[in-house]
Amino acid sequence: MLNQGDILLYDSHFLYHLKHSVPVQIYDGNVHIQIGIIARFNEHFVEIEDTLYNRQRFTFISRPGF
């Protein structure tokens, strides 16, 4: 499990957040984009709130308890 503020890097991180409905915060560089629950993911994209985010472009931060 990641702590609040940790960066999701590996499939296991994304899978944990998906299975347990832990919110993630999305950044494009240092610009906040959104907070939401992962609906699905693969090695290239993460779907949150009906939007696909490229895993190489965006940063995903763990937000348990949000």
Worksheet item: Could you give the length gained on full extension between I37 and D50, defined as 0.36 nm per residue of separation minus the Cα-Cα distance, in nm?
Response: 3.7 nm
Worksheet item: For the chain, what is the charge dipole size about the Cα centre, in debye to the nearest 20, if Lys and Arg each add +1 at the Cβ and Asp and Glu each add -1 at the Cβ?
Response: 100 debye
Worksheet, complete the sentence: Relative contact order as a percentage, the chain, C-alpha pairs under 8 Å and 6+ apart, gives 39 percent
Worksheet item: Quick one: which of 49-55, 19-25 comes out on top by average Cβ neighbours within 10 Å, and what's the full order, highest first?
Response: 19-25, 49-55
Practice prompt. Note the per residue figure in Å³ for the convex hull of the C-alpha positions in the chain.
Written response: 75 Å³
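None of the figures in this text is laboratory data; all of them are computed from the coordinates on show. As the structure is a computational prediction, the values presented were derived from the model and not from experiment. With ideal geometry, Cβ positions are generated from the backbone for all residues, glycine too; neighbour counts draw on all protein chains shown.
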